[in-house]
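Before any comments, here is the structure.
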């Protein structure tokens with residue numbers, strides 16, 4: 001399966017830091033990926049498969065969804081916080097114990113904010129097609145299925161995370177235009 005753009009998939013399952021490796025492995029094991037695949041396929045009424053690569057962040061794991069008609073989405077699924085307690089063998093608490101009602105509201109606010117920015121500015125923000133902000137679902141974790149926006153971050157191009165000098169001015173201008181983008185007046 002092909003990958004998109006130059007995104008560097010980070011796989012914390014192979015991290016040298018035990019807490020990150022344990023959390024990544026446990027997160028993947030506890031998420032019902034088949035149920036997530038079914039949600040995506042039923043939403044579009046088109047078959048799909050989940051990419052084999054994972055991207056791990058502080059609060060989410062990300063996978064690519066590839067539909068039979070080659071449309072691509074991103075699945076972002078909540079994962080529990082890292083447990084730094086060696087006595088507990090770094091075993092993370094189950095997501096349903098750590099994902100509180102406040103976290104649900106934060107996720108709903110994030111989705112609403114993404115929709116608002118997408119509809120009222122020129123800032124490229126992915127469309128969220130389907131989501132569940134609870135842990136009481138077939139997937140077993142909060143998730144959102146969203147549009148894949150092609151592109152890559154500076155960190156995906158260079159190991160030093162620096163913008164090449166010849167692109168720095170253009171990058172700063174583009175970054176500034178997004179930062180000061182103002183919403184359009186309502187109709």
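Could you put 77, 117, 39 in order, starting from the residue whose Cβ has the fewest other Cβ atoms within 10 Å? It would help to have the intermediate numbers written out before the result.
Values: 77 25, 117 16, 39 22.
Lowest count first: 117, 39, 77.
Please state the equivalent ellipsoid semi-axes for segment 44-104: what are the square roots of 5 times the Cα gyration tensor eigenvalues, largest first, in whole Å?
After diagonalising the Cα gyration tensor, the semi-axes are 30, 14, 8 Å.
For segment 12-151, what is one quarter of the convex hull surface built on the Cα atoms, given in nm²?
9.1
Going 7 Å from the Cα of residue 32 toward and past its Cβ, which residues in segment 119-151 have a backbone nitrogen under 20 Å from where you end up?
Residues 130-146 qualify, since their backbone N sits under 20 Å from the label point.
Since every read-out is calculated from the coordinates, none of them should be taken as a lab result. Keep in mind that this is a model prediction, so the values were computed, not measured. Glycine gets a Cβ as well: all are built from the backbone with ideal geometry, and neighbour counts include every protein chain shown.
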